[in-house]
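J.: Take a look at the following structure, please.
The values are calculated or read from the model by the stated rules, or taken from the named source; none is laboratory data. All figures in this text were calculated on a predicted structure; none of them were measured in a lab. In this analysis, Cβ positions are derived from the backbone assuming ideal geometry, glycine residues included, and neighbour counts consider all displayed protein chains.
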Amino acid sequence: MKKPTIILGVTGGIACYKSADLVSRLVKKGFDVHVIMTRNATEFITPLTFQKLSSHKVVTNMFEKTATFSVEHISLAQIADLFVVVPASANFIGKMANGLADDMLTTTVMATKAPVIIAPAMNTAMWNNSILKDNIEKLKKYGVIIVDPAEGRLACGDFGKGKLAEMDDIMQVIEKKLVDIL
Ligand SMILES: Cc1cc2nc3c(=O)[nH]c(=O)nc-3n(C[C@H](O)[C@H](O)[C@H](O)COP(=O)(O)O)c2cc1C
């Protein structure tokens, strides 16, 4: 039986390192995982880590010259059984909610027909920002599943809501959705 394919988007935030654990868990569960990183995410963690964990080349650049003629953002969008973005930055959420497609991740997520799950992570003030809240509501309206951030001490020293949800909770949401759709 074909392994379910998960496309994992990683955006620029402190919680990026936790997505490496997510890839490892998903691969151990038998899923085929392909990672797309934003350019800013590569400031926090290198593509090599995800490449090794997923056993696939990590895509970061829309305009990379490839040996094949396939249009990568379309092919990744099409092979996805599920599209997951962990962590999802305020910037990514703003772009997705407003239909912007200016990099590999936002373009691919727009091109996919697969269900989308995002796990936001950001500073509490950003999470409480009214524009961000509107964008989250808009994404929910379009069927995007949001794994709400947790409360706790944030990397910036603040205390409040904004920490990436526990990995066990994110895994549970992913596995439940896969059971529903496969
Ligand atoms: C040290 C540092 C930590 C950051 N952490 C976060 C974060 O947790 N969440 C967030 O939304 N933005 C965070 N940012 C800001 C994003 O990196 C910035 O908005 C960037 O444009 C996001 O780009 P991307 O969405 O294309 O990955 C952080 C920036 C720095 C320098």
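J.: Name the single residue that is farthest from the ligand (Cβ to nearest atom) among those in region 86-117 being assigned to a strand (DSSP E or B) and in contact (Cβ under 8 Å) with a residue 40 or more places away in the chain.
T.: This residue is 117.
J.: Provide a single number: the residues in region 1-30 that are out of contact with any helix residue (DSSP H, G or I) (no Cβ under 9 Å at 6 or more places or on another chain) and surrounded by 21 or more Cβ atoms within 10 Å (Cβ to Cβ).
T.: Going through region 1-30 one residue at a time, the tally reaches 1.
J.: Hey, can you tell me all the residues within region 1-38 that are closer than 21 Å to residue 126 by Cα, out of contact with any Pro (no Cβ under 7 Å at 6 or more places or on another chain) and part of a loop (DSSP other than H, G, I, E, B)?
T.: 12, 14, 38
J.: Does region 114-173 hold any residues that are more than 14 Å from the chain's Cα centre (by Cα) and closer than 19 Å to residue 25 by Cβ, and which are they?
T.: Selection gives 150, 163, 166, 168, 169, 172.
J.: For the condition more than 12 Å from the ligand (Cβ to nearest atom), farther than 18 Å from residue 15 by Cβ and not acidic (Asp, Glu), what is the one hit in 78, 172?
T.: Just one listed residue meets the conditions, 78.
J.: Quick check on residue 33: is it within 16 Å of the ligand (Cβ to nearest atom) and either under 23 Å from residue 115 (Cβ atoms) or surrounded by fewer than 17 Cβ atoms within 10 Å (Cβ to Cβ) (or both)?
T.: No: the conditions fail for residue 33.
J.: In the list 62, 110, 96, 122, which residue meets the criterion of being surrounded by fewer than 21 Cβ atoms within 10 Å (Cβ to Cβ) and modelled with pLDDT of 95 or more?
T.: 110
J.: Right, another one. Give me the pairs, please: first residue somewhere in region 153-176 and closer than 17 Å to residue 85 by Cβ, second residue anywhere and assigned to a loop (DSSP other than H, G, I, E, B) and of a type in the set (Val, Ile, Thr), beta-carbon distance under 7 Å, and either six or more positions apart or on two chains.
T.: 165/147; 169/147; 170/147; 173/147
J.: Right, next: Among the numbered criteria (1) within 15 Å of the ligand (Cβ to nearest atom); (2) buried (at least 19 other Cβ atoms within 10 Å of the Cβ); (3) modelled with pLDDT under 95, which one does residue 152 miss?
T.: (2)
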